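Below is one structure, written out as C-alpha cells; the observations come after it.
Please treat every number below as a calculation from the coordinates, not as lab data. If you're wondering where the values come from, they're calculated on a predicted model, not measured in any experiment. Because the Cβ atoms are built from the backbone with ideal geometry, glycine has one as well, and the counts that use them run over all protein chains shown.
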Amino acid sequence: MQKSRTDRQTMNMGRKLKLLIAALASMLLVLTSVPAANATYFSGGMYTTKFSVRYVGANSTMSSLFDQSRGNWNSAGVGAGISKNLSSAHAMRAGSYTNEWYGLYSSTGNRALKTTKFNVYVNTRTLYRDMPNKVSTTWYLSTGTHELGHALSLADNPSTSSASLMKHSRNRSTIYKPQTYDKNEVKRIY
C-alpha cells in the first residue's frame, strides 16, 4: 500500500516538529546548566548566610581572632550573620597540625537538604612559621576569614584579576577581609 502525498507531508512535518522540539530542549538544558563566567561557587557551603559556629582549641587570643574573622564577614554588607554558639554543629578549630596548610575547610551533608555541617581548621604552626612578622595577626585573620568564605559558598582561586580573599596567592599581610569581588560573589550566590 502506497502512502499518499499528503500522508508523507504530514509525516515529514511531524519529524521536523520532533527534531525542533528536541533541539529546543537541548538548548534549554545547556543554557540552564552553564555556570556564570565568573563563578566561584563552592557547593560545600551553607544554604544560608546566617549560621553559628563554636570554637574548639582556641585560647583567648585565637578566640578573639575568630571573633574578628566572623566580624569581617558580618560587616561586609552581604547579609552574613555568623554568630558564636557553644552548641553549634559547625566549628572553628585552632591547632598545631602537622600538615603544611594554613587553613582547611571540611564539610559534610547536603546543601539542598539543608544538612550541611562544617569544620574550619586554622593551623597555628604553619602560620607562625611562615608569617614575616611573628607578632602580626593579619595572617591568622586572613586564614580564618578565608575559610569562612567557603561556608559562604566561595571557592578557592577564582578566575579574576581582581583582589580576592579567596586566592591562595593573596598577600595575607594586607588582604584579611572580604574584598569587593568576594562581596559581589556572595551577593550573587545568595
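Some observations on this one:
- In this structure, the residue pairs whose Cα-Cα separation is over 18 Å, taken from 50/183; 50/167; 84/117; 50/84, are 50/167.
- Reachable aspartates and glutamates, given that their alpha-carbon falls under 19 Å from the alpha-carbon of residue 134 and they are not under 8 places away in the same chain: 100
- Couplings 3J(HN,Hα) for the range 147-164, derived from phi with the Karplus relation 6.51 cos²θ - 1.76 cosθ + 1.60 (θ = phi - 60°), are 5, 5, x, 5, 5, 8, 6, 9, 8, 6, 6, x, 7, 8, 8, 6, 5, 8 Hz, where x marks Gly and Pro.
- Sparse-neighbourhood loop sites, trypsin sites (Lys or Arg not before Pro) in the range 99-171 - DSSP loop, at most 14 other Cβ within 10 angstrom: 114, 134
- Pairwise centroid distance, computed over Cα atoms, of the range 161-188 with the range 122-152, Å: 14
- Label-point separation in nm, residue 108 to residue 56, each point 7 Å along Cα→Cβ: 1.0
- Linear extension gain, residue 115 paired with residue 43, 0.36 nm per residue minus alpha-carbon span: 24.7 nm
- HN-Hα J in Hz across the range 91-104 - Karplus 6.51, -1.76, 1.60, θ = phi - 60°, x for Gly and Pro: 10, 10, 10, 10, x, 9, 8, 6, 5, 8, 6, 8, x, 8
- Vicinal HN-Hα couplings computed from phi for the range 173-190 (Karplus, 6.51 cos²θ - 1.76 cosθ + 1.60; Hz; Gly/Pro x): 7, 10, 10, 10, 10, x, 8, 3, 4, 4, 4, 4, 5, 4, 4, 5, 5, 9
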